[in-house]
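As structure tokens, the structure follows; a few thoughts come after it.
The values are calculated or read from the model by the stated rules, or taken from the named source; none is laboratory data. Values in this document were obtained by computation on a predicted structure and should not be read as measured data. All Cβ positions, glycine included, derive from the backbone under ideal geometry; neighbour counts span all protein chains shown.
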Amino acid sequence: MSDQPAQTEEAVEVIDVNAVRERVIDQLRTVFDPEIPVNIYELGLVYDVVVSDKGDVKIRMTLTSPMCPAAEELPGEAEFKARGVDGVTSVSLDLVWDPPWSPDMMTESAKLELGML
């Protein structure tokens, strides 16, 4: 018998941070502003998605304007969709107004979809 106490180690699951981030972004691409037929990611409303090695996700996003009629829906839907991604343990969504959103933040495909190119 050994005089050393038994070691109890928790199994720490290591996740592929980049893969989880991409899956979160894929889910954010399924969230649409009801007034604009383009998803919030392509619209440029999502400023940042950060995933920790423990699966904690931080999303920094904005809306087209502070008076956006979907202001109560879009952040909650984005958070809900991100929570459903395999490997995500928690989601924190920060709704920011700086920098203010402008159409220049849209992707080329969003601009094309809206006839802006």
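Quick rundown of the values:
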| read-out | value |
| --- | --- |
| Residues within region 33-66 that are of a type outside the set (Ser, Thr, Tyr) and in a loop (DSSP other than H, G, I, E, B), tallied | 16 |
| Enumeration of residues in region 72-96 that are farther than 18 Å from Ile36 by Cβ and either over 16 Å from the mean Cα position of the chain (by Cα) or among the polar types (S, T, N, Q) (or both) | Thr89, Ser90, Ser92 |
| Every pair of residues 6+ apart whose Cβ atoms lie under 7 Å, when the first sits in region 86-103 and is more than 18 Å from Arg21 (Cα to Cα) while the second is of a type in the set (S, T, N, Q) and surrounded by 15 or more Cβ atoms within 10 Å (Cβ to Cβ) | Leu95/Thr62; Val96/Thr62; Trp97/Thr62; Trp101/Thr62; Trp101/Thr64 |
| Flag for Val46 being surrounded by 13 or more Cβ atoms within 10 Å (Cβ to Cβ), closer than 28 Å to Val14 by Cα and of a type in the set (Val, Ile, Thr) | yes |
| Residue in region 73-91 that is assigned to a helix (DSSP H, G or I), basic (Lys, Arg) and within 15 Å of Gly44 (Cβ to Cβ) present | no |
| Test for Met1: is it among the hydrophobic types (A, V, I, L, M, F, W, C), at pLDDT below 85, out of contact with any helix residue (DSSP H, G or I) (no Cβ under 8 Å at 6 or more places or on another chain) and in a loop (DSSP other than H, G, I, E, B) | yes |
| Qualifying residue in region 8-16 (condition: among the small types (Gly, Ala, Ser) and either in a strand (DSSP E or B) or modelled with pLDDT of 95 or more (or both)) | no |
| Extreme residue, farthest from Met116 (Cα to Cα), among residues of region 60-104 that are surrounded by 13 or more Cβ atoms within 10 Å (Cβ to Cβ) and of a type in the set (Asp, Glu) | Glu79 |
